[in-house]
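Taking it in order: structure first as structure tokens, then the write-up.
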Amino acid sequence: MTLVYPSTFMSRLKALNQMISSSNSGLPRFNFTPPQRLSQSICHWGEELSNVSCTYRTKMVVRCKAGAVPLMKQGHRFLSSLSSPALAGDPSASNRHIKKFVAASPKSVALNVLSHLLSHQTSHPHLSFFALSLYSEITEASWFDWNPKLIAELVAVLNKQERFDESETLLSTAVSRLKSNERDFSLFLCNLVESNSKQGSVQGFNEACFRLREIIQRSSSVYVKTQAYKSMVSGLCNMDQPHDAERVIEEMRVEKIKPGLFEHKSVLYGYGRLGLFDDMNRVVHRMETEGHKIDTVCSNMVLSSYGAHDALLQMGSWLQKLKGFNVPFSIRTYNSVLNSCPTIISLLKDLDSCPVSLSELCTFLNEDEALLVHELTQSSVLDEAIEWNAVEGKLDLHGMHLSSSYLILLQWMNEIRLRFSEEKCVIPAEIVVVSGSGKHSNVRGESPVKALVKKIMVRTGSPMRIDRKNVGSFIAKGKTVKEWLCK
């Protein structure tokens, strides 16, 4: 593997080592100050936040990007207020607001907001500039416990923002606390590699890899070396360097360290995300020949890769191939496949006109999409989502994206119609469809799945209504539902 180091790397490393030798274990108290080396487009943070806050003046809403750390209700309110025009361009007011929030919040809420701001998938990166100030206030709380993984994530965010002086101070404190324990120090560097790679910080990633390589060379611990190699493989794939990641895997073999399923999956997905399908399939074949089982997670990575590049034909072929592997489908399989079907995505933009039966839906699909839907509906995913007994017949849509919920709901109506038509069918006292209330939606409390279920129930004349005791569910008597479906 060849790592290209920035020209300032050695000078920074020297400066960092000097800081480590003279640093104490206490963490300096940070107040938010404008980063000095940000690009001109965002160097004036007050102006930047003023511009951003304008987008909230009509409606103060913080949206959570899919994949980001879900925010608690109090966290939503805090970030919305932090984005307000009243605080824009006023660092002192922002710091006071952060201090007040930490003082009034329990540990879980404060750490939840910090983790959300540190996530590489946060949907409001403009607020991640406050992460250091928030962390500084959290360190003053009586419940605070020093966490090296959190430090690694914060350092990576600061590196991404080019706030190198502040990241070096945090890093030196962590190194001075951990360097006496090889395992703890190496795991911290592993977290640092992962975090910098997810944030896309080339400089931070290369420096962390450099330090990990030093540990690999001098350590006699197989565990330490294995974890270091795994982190470098994963990090290189995150940085869109799967070829270099494969070289690290070959290096592991030379060092008599057996690569595991994790490393192979990382490289497989690294190639897949880039659309390098020949290389991706080569890795799949190698996994098979080396005795690694192609599991549901691995198959979903392949499907996600095909879907990201609109390769529906290859996606259909892969679904058919999975039968030979005896790989069960999952909710994520549905999500990966159906999110890649342009017709279904387009139909769901208008819930007043989308098909409300599986047979009608199939008339809208092209050949490739029809094959995908056929393969999915032949799986056991629907059966696993249904509970059926004398007390309750329940369909749980949790974990399903909108497109998956749509197809499952259409399948469900067909399935329970068939069940009700059987003479010996057990008719549950109640039929329940759990849609969720929107706690994990892009906008908290606004569930697209709930809106979909409600619209389809209305359009099909269903007796099912929102449960007064649980607003995230639809409910009706079993006999009433049977009359509706079998009329």
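The values are calculated or read from the model by the stated rules, or taken from the named source; none is laboratory data. These numbers come from a predicted model, not from an experiment. When we count neighbours, we look across all protein chains shown, and the Cβ atoms used for this are built from the backbone with ideal geometry, even at glycine. The accessibility values were calculated without ligands, DNA or RNA, using every heavy atom of the protein model including side chains. Shrake-Rupley method; radii C 1.70, N 1.55, O 1.52, S 1.80 Å.
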Completion exercise
Residues meeting the amide H criterion for Gly393 (H placed from the backbone, H to H distance under 5 Å, 5 or more places apart or on another chain) are Glu430, Ile431, Val432
Fill in the blank from the handout: Karplus-derived 3J(HN,Hα) from phi for region 187-198 (6.51 cos²θ - 1.76 cosθ + 1.60, θ = phi - 60°), whole Hz, x at Gly and Pro, runs 5, 4, 5, 4, 4, 5, 4, 4, 5, 5, 5, 5
Problem - Exposure ranking of Trp143, Trp484, Trp412 by accessible area [1.4 Å probe, largest first] - result: Trp143, Trp484, Trp412
Practice task
Give the relative contact order (percent, whole number) for region 297-431; include only Cα pairs under 8 Å separated by 6+ residues.
Solution key: 26
Handout entry: Calculated FRET value between Lys469 and Ser380, using beta carbons and R₀ = 30 Å, to 0.05
Key = 0.50
Fill in the blank from the handout: Probe 1.4 Å, heavy atoms of protein chains only: per residue, the accessible area of region 293-438 in Å² is 45
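Based on the Cβ-Cβ distance from Arg253 to Glu182, what FRET efficiency comes out when R0 is 22 Å, to the nearest 0.05?
My answer for the efficiency is 0.40.
Of the cross-linked pairs Lys349/Lys477; Lys100/Lys198; Lys230/Lys293; Lys349/Lys394; Lys179/Lys256; Lys323/Lys424, which ones have a Cα-Cα span greater than 23 Å in the structure shown?
Lys349/Lys477; Lys100/Lys198; Lys349/Lys394; Lys179/Lys256; Lys323/Lys424
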Problem - Derived scalar couplings ³J(HN,Hα) [region 140-148; Karplus, 6.51 cos²θ - 1.76 cosθ + 1.60; whole Hz; x for Gly, Pro] - result: 8, 6, 5, 8, 5, 10, 5, 10, x
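Take the Cα gyration tensor of region 227-341, multiply each eigenvalue by 5, square-root it, and list the three semi-axes largest first, rounded to whole angstrom.
Those come to 25, 15, 11 Å.
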Practice task
Quote the FRET efficiency, to the nearest 0.05, computed for Glu288 versus Asn147 with a Förster distance R0 of 45 Å and r equal to the Cβ-Cβ distance.
Solution key: 0.70
Practice task
Note the direction-averaged projected area, equal to a quarter of the hull surface, for the Cα convex hull of region 381-422, in nm².
Solution key: 3.0
Problem - Estimated distance in nm for a label pair at Lys477 and Asp295, the labels positioned 7 Å out from Cα along Cα-to-Cβ - result: 4.7
Practice task
With +1 on each Lys and Arg Cβ and -1 on each Asp and Glu Cβ, and nothing else charged, work out how big the dipole of region 255-373 is about its Cα centre, in Debye to the nearest 20.
Solution key: 560
Fill in the blank from the handout: With a 1.4 angstrom probe the carbon and sulfur portion of accessible area for region 73-213, in percent, totals 49
Practice task
Evaluate Rg over Rh across region 348-435, taking Cα atoms for both radii and Kirkwood's formula for Rh.
Solution key: 0.99
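Can you quote the Å³ per residue value for the convex hull of the Cα atoms in region 280-376, rounded to an integer?
92
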Completion exercise
Per the C-alpha gyration tensor (a ≥ b ≥ c, the square roots of its eigenvalues), region 161-312 is rounded if a/c is under 1.5, else prolate if a/b beats b/c, else oblate; here it's oblate
Practice task
Multiply the residue separation of Ser92 and Asn389 by 0.36 nm, subtract the distance between their alpha-carbon atoms, and state the gained length in nm to one decimal.
Solution key: 100.9 nm
Practice task
Above 20 angstrom, tally the Cα pairs of region 112-224 and express them as a % of all pairs, no decimals.
Solution key: 39
Practice task
Provide the per-residue ³J(HN,Hα) series for region 405-411, in order, calculated from phi with Karplus coefficients 6.51, -1.76, 1.60 and θ = phi - 60°, each as a whole number of Hz, with x at glycine and proline positions.
Solution key: 4, 4, 5, 4, 5, 5, 4
Completion exercise
The extension gain from Lys107 to Leu358, computed as 0.36 nm times the residue separation minus the Cα-Cα distance, is 85.6 nm
Completion exercise
Of all GluC sites (Glu not before Pro) in region 384-487, the ones in DSSP coil with at most 12 other Cβ atoms within 10 Å are Glu422, Glu423
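Using only alpha carbon pairs under 8 Å that are at least six residues apart, calculate the relative contact order of region 122-232 and give it in whole percent.
24
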